[in-house]
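Participant: Got a structure for you, written out below as structure tokens; questions coming shortly.
The values are calculated or read from the model by the stated rules, or taken from the named source; none is laboratory data. Computed from a predicted structure; not experimentally measured. Note: ideal-geometry Cβ built from the backbone for every residue, glycine included; neighbour counts use all protein chains shown.
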Amino acid sequence: MIKHFLSLSSLTASDISTLIDRAQFFFLNQHLPDKTKHLLKNKIVANVFYEPSTRTRCSFEIAAKRLGADVVNFVPENSSVKKGETIYDTLKTLESLGVNGIVLRHADDHVFDGLQKIKIPLLNAGAGKFEHPTQGLLDLLTLHQEFNKLQGLRIAVCGDIKHSRVVGSLMVAAEKFDMKIFYCGPNALLPSNVKQTSIDEILGEVDAVMMLRIQLERHEGLELNPQTYNDQYGLNTKRVGLLQKHAIILHPGPFNRGVEISDEVVEHPQSRIFKQMANGVFARMAILEKVIS
Ligand code: CP
């Protein structure tokens, strides 16, 4: 029984495969609400986002509602956080009000370390540069739908890897499923423990390429010329031409068109970017059911 959902590292490959199978069930039954709307009936899920979000927050809300739960959307900017209330006291308050699970996003990599006395399940919706495990699961679901396996897949990731919690979760999954990850992008944006690979040399050898946004909110004084970056590292039409025909394009979003990905590539036939977003609902349904029911 999982209490919290904070990292993919605490799950086995078999646990992850079970979640993917359940997410696929929700995908296949998305037009049959009677099959799912009782699963979290009478439960309350709170979305607590200390950092901005579109995909994660909205898909968690939709996922909870499709399972029949009620949703509280807590907005720090309009709350007693403004009077100095701590995260712990905010979550303890929600727990005492009857909330059954809290979806938390925060800029601090270690935010969950100080929340051990919270008794209700906590779900990591993105913690600093640490992990974004629900994004990890939806990425795995998307890859599994495409290739009917995860074992042995070869994936290039390109961009701001140093600040990416999405890659944090992908790296954990890669070890469990024996996937090979290639790291591309400017040296200054790669962690010291990974080997830099040329995007132009690797694109023809991978099953998927995941492009990443430059996380300007986590940089100080970074000067970025969008056109130069696009020329050197961006996924443009010319580089898409290097991909094998079966290879797919991923991006966790939000994307900056014309920087790490060209406008015409976002909805290219090999792009699965909007499929990833749609899968966010099904992956999060599987996680909410597992952790809260
Ligand atoms: N991928 C992702 O986490 O997007 P949001 O920041 O919009 O939630």
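Participant: So, in the stretch 223-252, of the ones that are assigned to a loop (DSSP other than H, G, I, E, B) and of a type in the set (A, V, I, L, M), which residue ends up modelled with the lowest pLDDT?
Facilitator: Leu224
Participant: For the stretch 104-115, indicate whether the set of residues that are at pLDDT 95 or above, within 16 Å of the ligand (Cβ to nearest atom) and closer than 25 Å to Phe27 by Cβ is non-empty.
Facilitator: Yes.
Participant: Taking into account only those residues within the stretch 37-47 that are touching a helix residue (DSSP H, G or I) at 6+ places or on another chain (Cβ under 7 Å) and closer than 16 Å to Val72 by Cα, which is nearest to the ligand (Cβ to nearest atom)?
Facilitator: The selected residue is Asn47.
Participant: Right, something else. Could you grab me the full set of residues in the stretch 102-121 that are within 17 Å of Pro76 (Cα to Cα) and of a type outside the set (A, V, I, L, M, F, W, C)?
Facilitator: Scanning the stretch 102-121 gives Arg105, His106, Asp108.
Participant: Oh, and also: Quick check on my filter: what residues within the stretch 191-226 are of a type in the set (A, V, I, L, M, F, W, C) and crowded, with 19+ Cβ neighbours inside 10 Å?
Facilitator: Passing the criteria: Ile199, Leu203, Val206, Ala208, Val209, Met210, Met211, Leu212, Ile214.
Participant: Can we say Glu131 is among the acidic types (Asp, Glu) and surrounded by fewer than 22 Cβ atoms within 10 Å (Cβ to Cβ)?
Facilitator: No: the conditions fail for Glu131.
Participant: Can you tell me which residues in the stretch 142-177 are among the charged types (D, E, K, R) and either under 18 Å from Ile202 (Cα atoms) or touching a Pro at 6+ places or on another chain (Cβ under 7 Å) (or both)?
Facilitator: Passing the criteria: Arg154, Asp160, Lys162.
Participant: Also: Residues that are not assigned by TED's automatic domain parsing to the domain that holds Ile248: which strands (runs of 3 or more DSSP E) entirely in the stretch 108-218 hold 3 or more of them?
Facilitator: In the stretch 108-218, the matching strands (runs of 3 or more DSSP E) lie at 122-127.
Participant: Leu104: over 15 Å from Ala283 (Cβ atoms) and either of a type in the set (Phe, Trp, Tyr) or part of a strand (DSSP E or B) (or both), yes or no?
Facilitator: For Leu104, the condition - over 15 Å from Ala283 (Cβ atoms) and either of a type in the set (Phe, Trp, Tyr) or part of a strand (DSSP E or B) (or both) - is met.
Participant: So in the stretch 134-144, with the set limited to residues that are crowded, with 24+ Cβ neighbours inside 10 Å and not β-branched (Val, Ile, Thr), which one is farthest from Gly98 (Cα to Cα)?
Facilitator: Leu143
Participant: Here's something else I'd like to know. So which residues in the stretch 138-166 are aliphatic (A, V, I, L, M) and within 12 Å of the ligand (Cβ to nearest atom)?
Facilitator: Leu138, Val166 - these are the residues of the stretch 138-166 that are aliphatic (A, V, I, L, M) and within 12 Å of the ligand (Cβ to nearest atom).
Participant: Here is a follow-up. Quick one: how many residues across the stretch 253-289 are closer than 24 Å to Gln215 by Cβ and not in a helix (DSSP H, G or I)?
Facilitator: Residues that pass the stated criteria total 14.
Participant: Name every residue in the stretch 50-92 that is exposed (fewer than 15 other Cβ atoms within 10 Å of the Cβ), of a type in the set (Ser, Thr, Tyr) and not in a loop (DSSP other than H, G, I, E, B), in order of residue number.
Facilitator: Passing the criteria: Ser80, Tyr88.
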